[in-house]
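Read the structure below first, then the notes.
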Amino acid sequence: LDFKFPPSYRAFAERFGLDGHLFILPSLLPLRDTPGSDWSVLGTSRYFRTKAHEYWNLPESPPPLFARMVMFAQDSGYEQFVFDPSEVTDAAEGEYRVYSIDKSADITPIGDSFPDFLQWIYNRYRPDPDEAEDWGQELRAWQVIKPEASAPHPIEFDRHCVREKQPPAHEHVKLWLASNNHTARDLALSIRDAGHTDAFPILADALQEAGCTNADLLDACRTGDPDIDGK
């Protein structure tokens, strides 16, 4: 998608995972398509960038946002939430403006960052305290994200999305590093010893060509911020 996700979004995804609900309806999309579902950040963003006029019955030349948006969340098909890569709102923090697009293709700005989006979701969807007891076990099963001191409210996220990342087996790593004339090994050494961090996506491709199927490791390399090293 030629897009680098905001660090706040990546930190949220690393802590809680994706493909889960915020409160009841809005849900964060997984990065890639999963079995039985083609709703993902990659799949939907690619689709709507080229098919927005068909989905929303728009003119052949819809507003420019539709051609560049990165769709990362949706509300049961009624409302889509997107980053606008062209609107950098905080260069130091890597944040972008977030828009809502409803079923009528009305575009509404809802925040200048991913934390703003979470706060907007909280304000819109949080349960009424008088109704909270009626939710019973469902409400108590949710994970509360502790906000920064400056944030006025916590955000709740479905607990089922919290999972441990799976590091690859050591013997598999040895095979990948030796494969294709040690291409992955040499790339990894250049990153570690020479600081060539721009080679992380290339390393991901090399690992995949060598037979790596560990999604967590490949995703970590492609984001340029890996936290799994295979020991």
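The values are calculated or read from the model by the stated rules, or taken from the named source; none is laboratory data. It should be emphasised that the depicted structure is a prediction, and the values quoted were computed from it without experimental measurement. Here the Cβ is made from the backbone with ideal geometry for all residues, glycine too, and neighbour counts use every protein chain on show. Note: accessible area is taken over every heavy atom of the protein model, side chains too, but ligands, DNA and RNA are not part of it. Shrake-Rupley method; radii C 1.70, N 1.55, O 1.52, S 1.80 Å.
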Quick one: what do you get for the stretch 1-87 if you divide its Cα Rg by 2.2 N^0.38 Å?
-> 1.09
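Per residue, how much accessible area does the stretch 1-110 have with a 1.4 Å probe, in Å²?
Averaged over the residues of the stretch 1-110, the accessible area is 49 Å².
Tally up the carbon and sulfur contribution to the accessible surface of the stretch 1-85 as a whole percent, 1.4 Å probe, everything protein left in place.
54 percent
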Taking the Cβ of Ala184 as the center, what net charge do the other residues with Cβ under 10 Å away carry, scoring Lys and Arg +1 and Asp and Glu -1?
-> -2
